[in-house]
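Scroll down for the structure; my scribbles are underneath it.
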Amino acid sequence: MFPLIRNRRLRATESIRRLVRETVITPDDFLVPLFVVEGKGIKEEIPSMPNYCRMSLDHLEIEVKELWQMGLCAVLLFVKVPDDLKDNKGTEALNPDGLMQRAIKTVKNACPEMLVMTDVALDPFSSYGHDGIVTEGQILNDETSEVLAEMSISHAKAGADFVAPSDMMDGRILTIREALEDEGFQNTGIMSYSAKYASAYYGPFRDALDSAPVDIENVPKDKKTYQMDPANRFEAIRETQMDVDEGADIVMVKPGLPYLDIVREIKNEVDVPVAVYQVSGEYAMLKAAAEKGWLNHDTVMMEQLLAIKRAGANIIASYFAKDVARLLG
């Protein structure tokens, strides 16, 4: 009891604070999202995501080598597909010479030890901007899962270490796991977007990939029939436990900061690594506030990331990964 116990003794100097610090951020914590486009010599900034770019394969090769030199060891690949290659069934996603498949090979050729995870969802390939096949105003679940399984096999054949289904179809983890097993890809991992909420924080990301739902008749205007209701807590635990039971190796909560209570709930419930996606809206807000001089960019960035890791994240997918690596030096 006070005065025998004085908690401030352990805060008195920077040295003692470092010595007793409970949560530490390192480059090993990060999964780096990368946006890939067709073409050559392309590295274009995304207007709503300052300092973040879409890049062609030649620049992807340069970027991956730089990331590895900075101590960042894992990437998550997304592709921006030309409109003329989009359809309702995501046919281009299965093209063995498609952009995603070539991006995987580019990363592995440039840096064989880099861990490659790939986005598995139909929305970048869909003419309707949805994560599933659309029929008569409905998103088809089981038919979509079969396509996602084929996508996963295609990514594994190209060299992906993990596939990352981001669609939120029911049962798709089991469908993907069984397909990978049947094709001999027992060692290909699955990082499931297990608790992915229907969030308004995704806006800049959809700008980056041109993957927002289209506003036409008989097509759902949003993704609320498959992504989770932000009001729900226990549903996230149920969703995540089902994914683990179906064979997910890593589970994810998305977005990050607004859902730290969910991160802790899930961390307490499952025995697999928990990833958190600090999404584009979270990134854009801090960049905008820092540009205005309203917040200190680096200190707020680190505080946010500490909060995510403190809540229970083993892995953080974040657009700040390079900023952090530079800061930690």
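The values are calculated or read from the model by the stated rules, or taken from the named source; none is laboratory data. All values derive from a computational prediction rather than experimental measurement. Note that we place each Cβ from the backbone using ideal geometry, even for glycine, and neighbour counts take in every protein chain shown. Only protein heavy atoms, including side chains, enter the accessible area calculation; ligands, DNA and RNA are left aside. Shrake-Rupley method; radii C 1.70, N 1.55, O 1.52, S 1.80 Å.
Quick look at the values:
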{"quantity": "Proximal aspartates and glutamates to residue 65, defined as alpha-carbon separation beneath 14 angstrom and excluding residues fewer than eight positions away on the same chain", "calculated": "113"}
{"quantity": "Mean-position separation - Cα centroids, the range 36-83 and the range 140-219, in angstrom", "calculated": "20"}
{"quantity": "Residue among 268, 293, 278 farthest towards the positive dipole end of the range 204-329, charges placed on Cβ", "calculated": "293"}
{"quantity": "FRET E, pair residue 109, residue 183, Förster distance 25 Å, beta-carbon r, rounded to 0.05", "calculated": "0.65"}
{"quantity": "Positive-pole candidate from 220, 205, 175, dipole of the range 133-239, charges at beta carbon", "calculated": "205"}
{"quantity": "Burial ranking of peptide ranges 122-128, 169-175, 232-238 (average Cβ count within 10 Å, highest at the top)", "calculated": "122-128, 169-175, 232-238"}
{"quantity": "Matching label, Rg and Dmax of the Cα atoms in Å computed from the structure shown, candidates [x] 23.3, 89; [y] 19.5, 64; [z] 20.1, 73", "calculated": "[z]"}
{"quantity": "Lysines with Cα under 21 Å of residue 254, excluding same-chain neighbours fewer than 8 positions away", "calculated": "80, 196, 221, 223, 224, 267, 287, 309, 322"}
{"quantity": "Fraction of beta bridges assigned by DSSP in the chain that are antiparallel (%, nearest 5)", "calculated": "20"}
{"quantity": "Dipole in debye (nearest 20) - the range 1-130, about Cα centre, beta carbon charges: Lys, Arg +1; Asp, Glu -1", "calculated": "1060"}
{"quantity": "Surface share of carbon and sulfur [accessible, 1.4 angstrom probe, percent] for the chain", "calculated": "49"}
{"quantity": "Value of D in µm² per second that Stokes-Einstein yields for the range 35-75, Kirkwood Rh from Cα pairs, at 37 °C (0.692 mPa s)", "calculated": "306"}
{"quantity": "Approximate spin-label separation residue 212-residue 242, in nm, with each point projected 7 Å along Cα-to-Cβ", "calculated": "2.9"}
{"quantity": "Ranked by how many other beta carbons lie within 10 Å on average, peptides 214-221, 261-268, 135-142, 73-80 from highest", "calculated": "73-80, 261-268, 135-142, 214-221"}
{"quantity": "Nearest-20 debye value, the chain charge dipole, Cβ charges on Lys, Arg, Asp, Glu", "calculated": "2080"}
{"quantity": "Taking the range 19-102 and dividing mean pair separation by its residue count, relative contact order in percent (alpha carbons under 8 Å, at least six apart)", "calculated": "33"}
{"quantity": "Surface per residue (accessible, 1.4 Å probe) for the chain, Å²", "calculated": "46"}
